[in-house]
Amino acid sequence: MSDTAAPDVPQTLEGWFVQHALYHVDWGKVRALAPADLARIGGEGERWLQEAATCGKGDTAAYAVIGHKADLMLVHYREDIDALKEVEHSLAHSPLAEVLLPATSFLSVIEVSLNEASAVAAKKLAEQGIKPTTARYAAAFDQEMSVQRKRLETRLRPVIPSARYACFYPMSKRRGEKNNWYALSGDERRALMRGHGKIGHKHHQQVTQVISGAIGLDDWEWGVTLFSDDCLAFKKLVHEMRFDPASALYAEFGPFHVGIRGQPSQIGQWLAGK
Amino acid sequence: MSDTAAPDVPQTLEGWFVQHALYHVDWGKVRALAPADLARIGGEGERWLQEAATCGKGDTAAYAVIGHKADLMLVHYREDIDALKEVEHSLAHSPLAEVLLPATSFLSVIEVSLNEASAVAAKKLAEQGIKPTTARYAAAFDQEMSVQRKRLETRLRPVIPSARYACFYPMSKRRGEKNNWYALSGDERRALMRGHGKIGHKHHQQVTQVISGAIGLDDWEWGVTLFSDDCLAFKKLVHEMRFDPASALYAEFGPFHVGIRGQPSQIGQWLAGK
Amino acid sequence: MSDTAAPDVPQTLEGWFVQHALYHVDWGKVRALAPADLARIGGEGERWLQEAATCGKGDTAAYAVIGHKADLMLVHYREDIDALKEVEHSLAHSPLAEVLLPATSFLSVIEVSLNEASAVAAKKLAEQGIKPTTARYAAAFDQEMSVQRKRLETRLRPVIPSARYACFYPMSKRRGEKNNWYALSGDERRALMRGHGKIGHKHHQQVTQVISGAIGLDDWEWGVTLFSDDCLAFKKLVHEMRFDPASALYAEFGPFHVGIRGQPSQIGQWLAGK
Amino acid sequence: MSDTAAPDVPQTLEGWFVQHALYHVDWGKVRALAPADLARIGGEGERWLQEAATCGKGDTAAYAVIGHKADLMLVHYREDIDALKEVEHSLAHSPLAEVLLPATSFLSVIEVSLNEASAVAAKKLAEQGIKPTTARYAAAFDQEMSVQRKRLETRLRPVIPSARYACFYPMSKRRGEKNNWYALSGDERRALMRGHGKIGHKHHQQVTQVISGAIGLDDWEWGVTLFSDDCLAFKKLVHEMRFDPASALYAEFGPFHVGIRGQPSQIGQWLAGK
Amino acid sequence: MSDTAAPDVPQTLEGWFVQHALYHVDWGKVRALAPADLARIGGEGERWLQEAATCGKGDTAAYAVIGHKADLMLVHYREDIDALKEVEHSLAHSPLAEVLLPATSFLSVIEVSLNEASAVAAKKLAEQGIKPTTARYAAAFDQEMSVQRKRLETRLRPVIPSARYACFYPMSKRRGEKNNWYALSGDERRALMRGHGKIGHKHHQQVTQVISGAIGLDDWEWGVTLFSDDCLAFKKLVHEMRFDPASALYAEFGPFHVGIRGQPSQIGQWLAGK
């Protein structure tokens, strides 16, 4: 084993920092509140959510989560970790926090592979009939890459998709003794990711995927957030991907959380059980 | 490893969305309740269960679970995730919730393999002596498939079986470094599932199985609910299946929960310890 | 891999259903009780334990467990799951429950292998000089098997041994990618279990073993309860078994719980710290 | 695989039963206590610790543990499990328990390998020039073994070493699919343990090791307690051992707990934060 | 397998003992405090942090941690375990502790490999053209090593870097059945660590790394603390390292904690949500 070869590390662009923050609602406390207190907490909750979603430094969305793992999922997109900490800290001091108990959370940063950008650039030039070995190609490629970077920008700093349902799960690439993603060559990894990407693309009309990287930030390597108006679409997409070699051999999945989007104006009614 | 071959993904039909919701009863609180409060909670619990079971959008059943993992299991079948969230949310705001503590839950959707339907169709035609290579076969097959789809409909949107005992457990197919279900060919998987299905069929008189898929929805890939009037039947069925290669080599099992069916009218007495 | 061969599933006889129910004592609450309340709870605890042990549908024994995992282990043998649920439910409504907190539990059913019965029958006939290929043998074998079944009955529905110490642990057979019990042939499994049984037999004077099956009922496949008047005997038996191939290669062990038998009449004193 | 060969089980001698009992201190409760109550609990704690350490049936020592896993570790050496349960039960009823919350515990029994004794005996005879094949050797060996057993007695029923620091961790031998300690031959295990023992011996001046067996008693197979006046010595010893094949290939480690010895007379001051 | 060869154990120098102590803030309690009480706790918290950071026996820094795993991380560098226990104990008795709940912690000791020192020494001599086989070399090497040890001293007993962000995670080297760090030869390990070190060095301007050893002290083998003013730098560094064979094949990672440095004077405002 040589100690000199630099590993072929995938290049990525990073955008918003992301916090998925999941909370239990303390329903016992909610049920015991006087109507005026419940109305006050609901009103303050609405105001807080509205402010978080319109802070000008990113976006915030709320989901009613199904099952015992959590009741409420907040997804925050922000410029940096400071802004994420700020929104988390602000919630801890808001009246809404009186009926919330932290369940789990995940810190990551939206990322897009540069491989994809250069593949798109190369394809465009091929379609235009520009031959790779010409001087014209190099210039056209550079220009196309700068177009691609701009296009990617909207994926790096997006608004949270408005779909009715969201599915969030963290995942890592397997580092098994036989199947070890990080011991594959760059070519092997790129081939696997292309096949993987095709499945995502196939479901593209039904499901919007946001991938955020968490290596060095949290306990899993990526967060995956799926957005769709069809709640079966999550199952169909993840099911198909599971048979794809990139997942079949190399993916480890964390807990899955499924929620229904709620608007800030609905939180009061929701807490009141209406 | 090619990045172009589309994986041979099993085709499934989906029916009711399912929530298995397990709760601890706060017996200390129950014991401390004044008789009138206990009667009130019992009465409201009965009303809530009755309503949940007759909501017209699915079915709900309650089980007294044995052991420390939970005291009460509610099984909800519903049209979609919204209706499941609605029943969960409604319970959180009901008086019954005053004596319940969430223990665990599982979100899935009843699924039936289309492989099975086409195998049944092919078998029927063979019994009728129709040869596969004839034009008549294609038409007869299509018609038989539409019959099969209708037959499956009753399995996709069933009433919860009325058996005295239920056994619920989640499971996943193994993705080990040697034994990896998702790296098998479609033919290998179908052969294994046929053997597996035969064992289920053999115990069919004693045990009704409902399989629900959870890929993309919850932390395990499937939920299995067994229903029987003979509580030894769960052991016999699962024991025999464990030696079947589909389980022996490829199944990972989550926690098992065994419960005794209760009617809405019994909940008050049950809470009161009678 | 053929999908037609029926697996060679071991045949078992089942007897009592068993619940191992482990509780923490809320010592803080006990210490804070007025003497009269403590005396009342002790008295009711004694009455409840006495009734559970003499209910006519099985047996119940209580153990003071050492260590932080639990303080009290109740072992219930009952005719069916309903009777187990009944005793659990009855405890939840008894005054004794005021000072108990559920720690863990295990549901299983006492089982005896039929392999053993037929091996004993064959050995007896061999000792009598009856040759296996004769007609006389078949008749004698059938008669001997019916004798064996009766003998096993006392092991299937026993009284809980009166030994001073009990050691309870759940276990499963390994389903590893290389060492997979359920992928062995029936002959391999039987050979391994014979060697395993010999070690149990060797310690037979010091330790009584009760094996109960939990496949399809709880999270491990078996419960093992060892009873002895010598607390070192548990270590010696389990230590020797660990080197036996059936354990060395194929056993996975759950948590171990060691307790000291207490009589119903002792519970009041025990709670009072005397 | 033959089912007749008896496994080559290592022979051990057993001494004191041991409980490592770790507790959180409820510092919030301590801070809220009136000075007189704190003084009373401190005084009773001192009395209880003094009594436990001088009960005549073994020894007891207390350690202030660093980190969130526990605040206080009590190590009890006793004649049998009954005496261990007695001291645990006595603490649960003492005023000191008012500020303690159980964190974890471990039950084991001090053990010494007989291999070691016979190796020492053989070495002594070799040094005296007695040849193994002579009649004189057998008699001398038997006599030497009885000397060795007496010598070991002081290691089987020791006083707890008075060193300032203790490090406790449980461990098991690996039963992996490739590296399986229990599938090694007796000769292979003995060779590995000799190498392992040499490292312990090398650090002997700085660190006293007490090994206690827990197979059949608790969830790990052994408890290791290291005692030293140099808190770096734990790191150096365990670090060196980790490269020894017996550990490198075959050891699984549980949680590590490091504490500072306290005398009974110090507990009041300690609780008061002085 | 020989039992005589001494393993080739890496030599290390040790410096400060380190505690990473992570706490939840009890925000419900904070919100309910009267302003005067909150001001008092904030003031006492400031005083305590100031004292801890200037105790003369090491250093202390505080970080606001993002996510549900903790709210506050204290990093203490101290001369020995006694001084670490002292600062932990002192916090438990301080008013600040009224609003803190222990989350997790990690005990380790800053370590530097001696391999590195001798490699640096050898390189320097090579640059000066001194040939390894000469007598002059040996003397020059010894002198250079003493220079290196002095240089390392500042890394063994550092002040905590003042960077805005910190990332802390524990890790161990894998002891798998195929990839087992502790079964590699010393040469293999040194080659892997050299490659690993190069990546660290490459990011050296953006990220300061402090490695502390925990073998024999806590549940993972090392703690890694990264310090940077650029919160993306953690992701970039750890991402690149993951493809390095030393990590790809041999590293196991514990939970990651990311925090923002706070000064003692900020704690009151921070608790008050300003």
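The values are calculated or read from the model by the stated rules, or taken from the named source; none is laboratory data. This one's a predicted model, so the numbers in the text were calculated from it and none came from an experiment. When we count neighbours, we look across all protein chains shown, and the Cβ atoms used for this are built from the backbone with ideal geometry, even at glycine. Side chains included, ligands, DNA and RNA excluded: accessible areas come from the protein's heavy atoms. Shrake-Rupley method; radii C 1.70, N 1.55, O 1.52, S 1.80 Å.
For the protein assembly as shown, I need the span (max minus min coordinate) of the C-alpha atoms along each principal axis, in Å, sorted largest to smallest.
99, 97, 68 Å, listed from the longest principal axis down.
Which lysines have a Cα lying under 16 Å from the Cα of residue B:131, excluding residues fewer than 8 positions away in the same chain?
Here the lysines satisfying the reach criterion relative to residue B:131 are B:123.
Over the Cα atoms of region D:21-123, what radius of gyration and what Dmax do you get, in Å?
17.4, 64
I want the local charge near residue A:105. Using Cβ-Cβ distances under 11 Å, sum +1 for each Lys or Arg and -1 for each Asp or Glu among the other residues.
On the way: positive: E:69; negative: A:88, A:218, A:219.
Neighbourhood net charge equals -2.
Shortest first and in nm to one decimal, what separations exist between residue C:201 and its copies in the other chains, measuring from label points 7 Å along the Cα-to-beta-carbon line?
So the distances to the same position in the other copies read 4.2, 4.2, 6.8, 6.8 nm.
Report the local net charge at residue A:221: Lys and Arg +1, Asp and Glu -1, summed over other residues whose C-beta lies under 13 Å from its C-beta. Could the numbers behind the result be given before it?
Details: positive: A:173, A:174, A:175, E:235, E:242; negative: A:111, A:218, A:219, A:252.
Neighbourhood net charge equals +1.
Using the Kirkwood radius over Cα pairs, work out the Stokes-Einstein diffusion coefficient for region C:182-224 at 20 °C and 1.002 mPa s, in µm²/s as a whole number. Please list the in-between numbers first.
Values: Rh = 12.1 Å.
Calculated translational D: 177 µm²/s.
Taking a 18 Å limit on the Cα-Cα distance, which of the listed pairs B:274/C:85; A:57/A:85; C:69/D:69 fall beyond it?
Values: B:274/C:85 12 Å; A:57/A:85 13 Å; C:69/D:69 16 Å.
Listed pairs above 18 Å: none.
If I model a spin label at residue B:39 and residue C:133 as a point 7 Å from the Cα along the Cα→Cβ vector, what separation in nanometres do I get?
Those two pseudo-labels are separated by 8.1 nm.
Could you state the accessible area per residue of chain C in Å², with a 1.4 Å probe and every protein chain left in place?
On the way: 11380 Å² over 274 residues.
Result: 42 Å² of accessible area for each residue.
Could I get the Rg over Rh figure for region C:157-213? Both from C-alpha atoms, Rh via Kirkwood, rounded to two places. Please list the in-between numbers first.
On the way: Rg = 14.5 Å, Rh = 13.9 Å.
When Rh is taken as the Kirkwood radius, the ratio is 1.04.
Treating each Cα of region A:173-274 as an identical point scatterer and ignoring solvent, apply the Debye formula and state log10 I(q)/I(0) at q = 0.12, 0.15, 0.18 Å⁻¹.
Treating every Cα as an identical point scatterer, log10 I(q)/I(0) equals -0.52, -0.74, -0.98.
Report the far tail of the P(r) of region C:5-77, meaning the percent of Cα-Cα pairs longer than 15 Å.
Values: 1806 of 2628 pairs.
Distances greater than 15 Å cover 69 percent of the Cα pairs.
Over the Cα atoms of region D:102-160, each weighted equally, I'd like the Debye log10 I(q)/I(0) at q = 0.12, 0.19, 0.26 Å⁻¹, rounded to two decimals.
So the normalised log intensities work out to -0.40, -0.72, -1.04.
Taking square-rooted eigenvalues a ≥ b ≥ c of the alpha carbon gyration tensor, is region D:111-195 rounded, prolate or oblate, where a/c under 1.5 means rounded and, failing that, a/b exceeding b/c means prolate? Walk me through the numbers before you get to the answer.
Working: a/c = 3.08, a/b = 1.31, b/c = 2.34.
Oblate is the answer for region D:111-195, as a/c is 1.5 or above yet b/c matches or exceeds a/b.
Please list, in order along region B:149-157, the HN-Hα scalar couplings obtained from phi with the Karplus expression 6.51 cos²θ - 1.76 cosθ + 1.60 (θ = phi - 60°), rounded to whole Hz, x for Gly and Pro.
4, 5, 4, 5, 3, 5, 8, 7, 10
Using the Karplus curve 6.51 cos²θ - 1.76 cosθ + 1.60 with θ = phi - 60°, what ³J(HN,Hα) values do you get for each residue of region D:252-267, in whole Hz, with x for Gly and Pro?
Per-residue couplings from phi come out as 10, 10, x, x, 9, 10, 10, x, 10, 4, x, 8, x, 5, 8, 5 Hz.
Taking only the alpha carbons of region A:76-129, what extent do you get along each of the three principal axes, in Å, biggest first?
Here the spans come out as 63, 20, 14 Å, largest first.
Could you pull the copy-to-copy label distances for residue A:151, with points set 7 Å along Cα to Cβ, in nm to one decimal and sorted shortest first?
Once sorted, the set of distances for residue A:151 reads 5.0, 5.0, 8.1, 8.1 nm.
Given only helices, namely DSSP H runs of n ≥ 4 each adding -39500 (n - 2.57), what is the per-residue ellipticity at 222 nm of chain D, to the nearest 500 deg cm²/dmol?
On the way: 9 runs with 112 residues, N = 274.
Dividing the helical sum by the residues of chain D leaves -13000 deg cm²/dmol.
Binning every alpha carbon pair distance of region B:58-188 at 5 Å from zero, what are the percents per bin?
So the P(r) values, bin by bin, are 2, 7, 12, 13, 13, 12, 12, 11, 7, 5, 3, 2, 1, 0.
Please check: in the Gaussian network model of chain C (C-alpha springs, under 10 Å), which one of C:234, C:168, C:243 has the largest mean-square fluctuation.
In the Gaussian network model the winner is C:243.
Give the residues of region B:241-274 whose amide nitrogen is closer than 14 Å to a point set 7 Å from the Cα of residue C:51 in the direction of its Cβ.
Within reach of a label on residue C:51, which here means backbone N under 14 Å from a point 7 Å along Cα→Cβ, region B:241-274 contributes B:273-274.
To the nearest 20 Debye, how big is the dipole of region C:142-182 about its Cα centre, given +1 on the beta carbon of each Lys and Arg and -1 on that of each Asp and Glu?
Numbers: 10 positive and 4 negative charges, 39 e Å.
For region C:142-182, the charge dipole is close to 180 debye.
Roughly how far apart, in whole Å, are the Cα centres of region A:73-131 and region D:144-188?
Region A:73-131 and region D:144-188 have Cα centres separated by 52 Å.
Please work out which residue of chain E brings its Cβ closest to the axis of the rotation superposing E onto A, and round that distance to whole Å.
For chain E, the closest residue to the axis carrying it onto A is E:177, 6.
Might you report the magnitude of the Cβ-based charge dipole of region B:1-145 about its Cα centre, with Lys and Arg at +1 and Asp and Glu at -1, to the nearest 20 debye? Before the final figure, lay out the partial values.
Details: 12 positive and 21 negative charges, 77 e Å.
About 360 debye.
Which residues of region D:89-119 bury at least 30 Å² of accessible area once all protein chains are present, versus their chain alone (1.4 Å probe)?
Buried by the other chains: D:89, D:92, D:93, D:105, D:107.
Output, in nm with one decimal and in ascending order, the distances from the residue E:31 label point to the matching label points of the other copies (7 Å from Cα along Cα-to-Cβ).
Spacings between copies for this position, smallest first, are 2.0, 2.0, 3.3, 3.3 nm.
To the nearest 10 Å², what's residue B:137's accessible area with a 1.4 Å probe?
40 Å²
Quick one: in chain B, what % of C-alpha pairs are over 25 Å apart? Before the final figure, lay out each step's value.
Numbers: 19805 of 37401 pairs.
Of all Cα-Cα pairs in chain B, 53 percent lie more than 25 Å apart.
Which one of B:121, B:103, B:191 has the biggest mean-square fluctuation once chain B is modelled by GNM with Cα springs under 10 Å?
Comparing B:121, B:103, B:191 in the GNM, the peak value goes to B:191.
If you put +1 on each Lys and Arg Cβ and -1 on each Asp and Glu Cβ, how big is the dipole of the protein assembly as shown around its Cα centre, in Debye rounded to 20? Let's see the in-between values first.
Numbers: 160 positive and 165 negative charges, 506 e Å.
Using only the charged Cβ atoms, the result is roughly 2440 debye.
Report, by chain and number, residues whose modeled amide H sits under 5 Å from the one on residue C:263, excluding near sequence neighbours (fewer than 5 apart, same chain).
none
Counting only other residues whose beta carbon sits under 13 Å from that of residue C:120, what net charge do I get with K and R as +1, D and E as -1?
Charge balance in the 13 Å sphere: +4.
Between residue C:230 and residue E:230, take the C-beta separation as r, use R0 = 56 Å, and let me know the FRET efficiency to the nearest 0.05.
Values: r = 65 Å, r/R0 = 1.16.
The pair residue C:230/residue E:230 has a calculated efficiency of 0.30.
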